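Beneath this line is the structure, given in structure tokens, with notes to follow.
The values are calculated or read from the model by the stated rules, or taken from the named source; none is laboratory data. This is a predicted model, so every value here is computed, not measured. For neighbour counting, all protein chains shown are included, and Cβ atoms are generated from backbone atoms with ideal geometry for every residue, glycine included. Keep in mind that these areas ignore ligands, DNA and RNA; they rest on the heavy atoms of the full protein, side chains included. Shrake-Rupley method; radii C 1.70, N 1.55, O 1.52, S 1.80 Å.
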Amino acid sequence: MVCFTTIQFLLLAVSHCAAVLGKEAGSVRARGVAPNDLALYSGSSFKCRDGSLEIESSKVNDDYCDCEDGSDEPGTSACSVGKFYCINKGFESKTLPSSRVNDGICDCCDGSDEWKAPAARCEDTCLSEAREKYQDQINKLDVFRRGIEARRKLEEEGAKVIAQKESEKTEARSKMSEAEQSVAELKVKVEQLQAVVDAQSSTASNDDSEKAKAGEEEEEGAAQGGGGGGNDNTAQGGEEEQESFPYPKEYAAPDAAAAEGDEEGEKFPYPKEYAAPPSGGGESGEEGGEEQFPYPKEYAAPPADAGREGEGSAAASEQAAENEQEERNSGEDASQEEDTTTPEMKELAEAKQKLRDAESEVRSLKSKVEATDKYPSNAALVALYEKCFEKTVRQYTYEVCLFKDSYQKEGSSRTRLGNYDSYDEETKKMSFKNGQVCWNGPARSLTVALECGAETVLGNVDEPSKCVYETTLKTPVVCNHDEAKKLEEIVKAIQQG
């Protein structure tokens, strides 16, 4: 039988109370401290984590901020820069700003950040959250696995496209070389033929000039011959004079040139009585007299009107003849125009057309080669090259054609959000720039973030700033084994926790 004296009992009680108090004090000091840092808070004193101050351990978590870095108050909100560690047993631990401690909001799934509140206020939801995350990770892992399988098929398809395009590029380069050689040869031929045609044109032009000059001289000669009236020096004038005055020449009136000749010379070499009276009338000066020629009328010059009538008839006949001649000339000119197309001209025209065709072929082949060079190195992406995907968001339908362009459509109208600019393999983001300019804003642009998906689907489109658009594209293209392994490790960790 063990008997305790009063002193022994008191000593035992004090010892028990000290143990209880020490345990509670240790628990208080450890509140909000990460497991790896517990040793720093277990001594009889505490040194601030920044080394600026050392305090008694009893001052840790006493709701008063002693350290500038807030390390002495991990379990209270006394220090604005302090950190509170959530253990969250059964789920993921995390660190909060100590200002969130005892703020009435359950931030830790185990409720440890609200230690002043009743236990029922913050339920421990760590296990349920762990199950949700586990299921979410399982679903993601399943998507990755299916995406990897789909990517394998896209890579096979893309590899075939690349092989075909490489073959086409090789063939196009070969044809382009031949076409360029043909262009060079045709240029030389065109230059040679052009020189021949130019020489022919120059000769023809000289011939035409000589003909035109001869025609002008002939016209001048005809004009000089027909303008003398009754002049004896031209045969034509003589003929016209004979036709207009059918009597002996000595009875004819002198011509105007003779009448206006030298005053000292003999203007009329015959007796004056045979000369025609002046045009103003007889010597008496009577006007309108009937007898203006005192000799037999048959010897008088024909009236001026008669000459004019003859001239008019002759002029009309001459005009008709000229019209007829012009018609004949126009027909001859038309046939001459047809005849002026020489064999060299025809050959030149054919050579020029062949040159244009060859140059067009070179441009087409060059475009094929450049288009193939733009293909990405990722074979799976090649399978989606210039393929288009749509997403309807409210009244708009967004269309994105990979490596080409992007549009926002509403009814029959559409707005270009941008043309393809670049693709970053590291960030897996595709940029479309230089779209239509916004009213009082910049040119529209779109960034497409590629994410792993079992199939290629365009996500919702957001506009974080004016005329700057963002969206996601779920696609097997970016699903890879490394990411799948990370997900598998997360799932295992949840299962073990």
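Of the residues making up the range 430-442, just one is more than 26 Å from P376 (Cα to Cα) and in a strand (DSSP E or B), namely V437. When G75, G70 are screened for being among the small types (G, A, S), open to solvent by less than 50 Å² (accessible area, probe 1.4 Å) and in contact with a strand residue (DSSP E or B) (Cβ under 7 Å, 6 or more places away or on another chain), only G75 passes. Restricting to the range 463-492, give me the number of residues that are of a type in the set (D, E, K, R), out of contact with any helix residue (DSSP H, G or I) (no Cβ under 8 Å at 6 or more places or on another chain) and touching a residue at least 12 places away in the same chain (Cβ under 8 Å). Final tally of qualifying residues: 3. If you filter the range 104-125 down to residues that are open to solvent by less than 70 Å² (accessible area, probe 1.4 Å) and modelled with pLDDT under 90, you find that the one that is nearest to the chain's Cα centre (by Cα) is G104.
Quick one: which strands (runs of 3 or more DSSP E) lie wholly within the range 41-110 and hold at least 2 residues that are touching a residue at least 40 places away in the same chain (Cβ under 8 Å)? Those strands (runs of 3 or more DSSP E) span 83-86.
Taking the criterion of being at pLDDT below 70, open to solvent by less than 90 Å² (accessible area, probe 1.4 Å), over 30 Å from Y385 (Cα atoms) and of a type in the set (D, E), would at least one residue in the range 221-233 satisfy it? So far as the range 221-233 goes, no, none of its residues is at pLDDT below 70, open to solvent by less than 90 Å² (accessible area, probe 1.4 Å), over 30 Å from Y385 (Cα atoms) and of a type in the set (D, E). Here the strands (runs of 3 or more DSSP E) wholly within the range 379-429 that include at least 2 residues being closer than 26 Å to K165 by Cβ and free of Cβ contacts under 8 Å to residues at least 12 places away in the same chain are 413-424.
Residues in the range 135-143: is at least one under 30 Å from Q496 (Cα atoms), touching a Cys at 6+ places or on another chain (Cβ under 7 Å) and assigned to a helix (DSSP H, G or I)?
yes
Looking only at residues of the range 457-485 that are modelled with pLDDT under 95 and polar (S, T, N, Q), we find that the one that is nearest to D142 (Cα to Cα) is N480. When you check L446 against the structure, is it closer than 22 Å to R151 by Cβ, outside any loop (DSSP other than H, G, I, E, B) and in contact (Cβ under 8 Å) with a residue 12 or more places away in the chain, yes or no? In short, no.
Being open to solvent by less than 60 Å² (accessible area, probe 1.4 Å) and either modelled with pLDDT of 90 or more or of a type in the set (S, T, Y) (or both): is that true of V197 here? Criteria not met by V197.
Under the condition of being under 16 Å from the mean Cα position of the chain (by Cα) and surrounded by 15 or more Cβ atoms within 10 Å (Cβ to Cβ), which residue from the range 403-414 is nearest to N378 (Cα to Cα)? Among those that are under 16 Å from the mean Cα position of the chain (by Cα) and surrounded by 15 or more Cβ atoms within 10 Å (Cβ to Cβ), it is F403.
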